[in-house]
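Accompanying notes for the structure given below.
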Amino acid sequence: MMTSSIAFNQQVWNLCRKIPKGKVSTYKEMAEALNSKAYRAVGNALNKNTKGAWTTKGSEMIPCHRVVNSDGRIRGFAKGFDAKKLLLEKDGVKVIDGCVDLNVYNYSLARRSSNENSTPPPEQL
């Protein structure tokens, strides 16, 4: 049986895979797409990702480097700011003064219905 935190993490990772190369989403948008306000839980789930761009290629990759703060700032990457910036730029996303222009690069994640795979994050149980 999967614990609620593992189920939530899996939902975050699956959602993250939907962000195409050359686009980004935000922690907030990801949480909202999962019918949650737990933005930090999204970040924690992404931090536990073992299939990032450094270790995995192709459809198995979870591109957690494509998630930024709501104001476009680059934060919260296990390998550090420079590594996240490098991966974003490799994806074709311009980073200026540590920020991504969300008007240009934002990928809107459609809000999912509350009955579709919505496991609340552990701190909300």
What single numbered condition from (1) closer than 21 Å to F81 by Cβ; (2) part of a helix (DSSP H, G or I) fails to hold for E32?
-> (1)
Restricting segment 1-16 to residues that are at pLDDT 95 or above and surrounded by fewer than 16 Cβ atoms within 10 Å (Cβ to Cβ), the residue that is nearest to the chain's Cα centre (by Cα) = N14
Scan segment 54-76 for residues that are in a loop (DSSP other than H, G, I, E, B) and among the polar types (S, T, N, Q) and jot them down.
-> T55, T56, N69, S70
If we keep just the residues of segment 19-43 that are in contact with a helix residue (DSSP H, G or I) (Cβ under 8 Å, 6 or more places away or on another chain) and more than 26 Å from K94 (Cβ to Cβ), which is surrounded by the most Cβ atoms within 10 Å (Cβ to Cβ)?
-> L34
Picking from K85, K51, K79, which residue would you name as being surrounded by fewer than 18 Cβ atoms within 10 Å (Cβ to Cβ) and assigned to a helix (DSSP H, G or I)?
-> K85
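So, of the residues in segment 1-29 that are among the hydroxyl-bearing types (S, T, Y) and assigned to a helix (DSSP H, G or I), which turns out to be farthest from E60 (Cα to Cα)?
Going through the qualifying residues, I end up with S4.
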Looking only at segment 88-109, and only at residues there that are surrounded by 15 or more Cβ atoms within 10 Å (Cβ to Cβ) and not in a helix (DSSP H, G or I), the one that is modelled with the lowest pLDDT | L109
Yes/no for I74 being modelled with pLDDT of 90 or more, farther than 19 Å from W13 by Cβ and surrounded by 13 or more Cβ atoms within 10 Å (Cβ to Cβ) | yes
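The values are calculated or read from the model by the stated rules, or taken from the named source; none is laboratory data. All values reported here derive from a predicted model rather than from experimental measurement. Note: ideal-geometry Cβ built from the backbone for every residue, glycine included; neighbour counts use all protein chains shown.
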